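Have a look at the structure below before the remarks.
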Amino acid sequence: MAEPLVDNALIDQITQRVVARLRASQAGPSPGAKLVPVNVSVRHVHLCQEHLEILYGPGFVLEERNELYQPGQFAAKQVVTLVGPRMRCLGEVRVLGPLRKSTQVEVSKTDAIYLGIDPPVKPSGEHEGSVGLILVGPVGVVHLQRGVILANRHIHLSTASAQKWGIADNQIVKVRITTHKRTVFEDVQCRVHPTYLDEMHLETDDGNASGLRGGEKAEIID
């Protein structure tokens, strides 16, 4: 039986194309790329004054544990327990300061499934259509009727960076994160303010899915 003919030139051409694609996929961002640090935002709670005093007592003031990346924001020493309708609990959930007008709880989809709730994906501060749960503190309990959300993917941008890159407040962009699990995220909201430092926030599930280990940067590509 005759041996099949081997087209070495064709094999070389295919090999070169495969290698070129692999190199392109592993290449870093191009010069002038729109890069921002990316951090994972784990489950946390923002409290209003009324709910803080119910959970911790009248006149209680949040105690700062450490500053966060964004100016004026901090992680408090205080924590609460989340209780869902299935009576499953998530304890030691950090309270972030400063206080807000309305209480907001931000969890991941995995957290929500465990708790037995189905919160919508929402920008911070938008509670229409959100769900509730029970907050337990050392002094009291809050039966939160709404305010639990899955925080949307978003980027904090300084006014200077937004102007340099031609990005408007609330503009929706596409972002690429280059890790060992190279990932592209769509529907990322840009929030522009003079006091912001450039930073992308992902919730825990998205952070794990993209293989984040700390110190990476996100590239705005569209």
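Only the coordinates and a few stated rules stand behind these numbers; no lab work does. All figures in this text were calculated on a predicted structure; none of them were measured in a lab. Because the Cβ atoms are built from the backbone with ideal geometry, glycine has one as well, and the counts that use them run over all protein chains shown.
Here are the numbers for this structure:
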| quantity | calculated |
| --- | --- |
| Rounded, prolate or oblate (a/c below 1.5 giving rounded, otherwise prolate when a/b exceeds b/c) for the stretch 138-222 by Cα gyration tensor | oblate |
| Shape category assigned to the stretch 65-159 from the gyration tensor of Cα positions, a/c cut at 1.5 | oblate |
| Size of electric dipole in the chain: Cβ of Lys, Arg +1 and of Asp, Glu -1, about Cα centre, debye, nearest 20 | 120 debye |
| In degrees, nearest ten, helix 8-26 long axis to first principal axis of the chain (Cα) | 20 degrees |
| Chymotrypsin sites (Phe, Trp or Tyr not before Pro) within the stretch 29-92: DSSP coil, no more than 14 neighbouring Cβ in 10 Å | TYR69 |
| Antiparallel DSSP beta bridges within the chain, percent to nearest 5 | 70 percent |
| Within-11-Å neighbourhood charge of THR179 [Cβ basis; K, R +1; D, E -1] | +4 |
| Order by protection proxy (mean Cβ within 10 Å, highest first), peptides 132-143, 206-217 | 132-143, 206-217 |
| Candidate aspartates and glutamates for bridging to LYS101, where Cα separation is under 16 Å - those fewer than 8 sequence places away on the same chain excluded | GLU50, GLU53, GLU126, GLU128 |
| Computed [θ] at 222 nm, deg cm²/dmol, the chain (DSSP H ≥ 4; -39,500 (n - 2.57); rounded to nearest 500) | -6000 deg cm²/dmol |
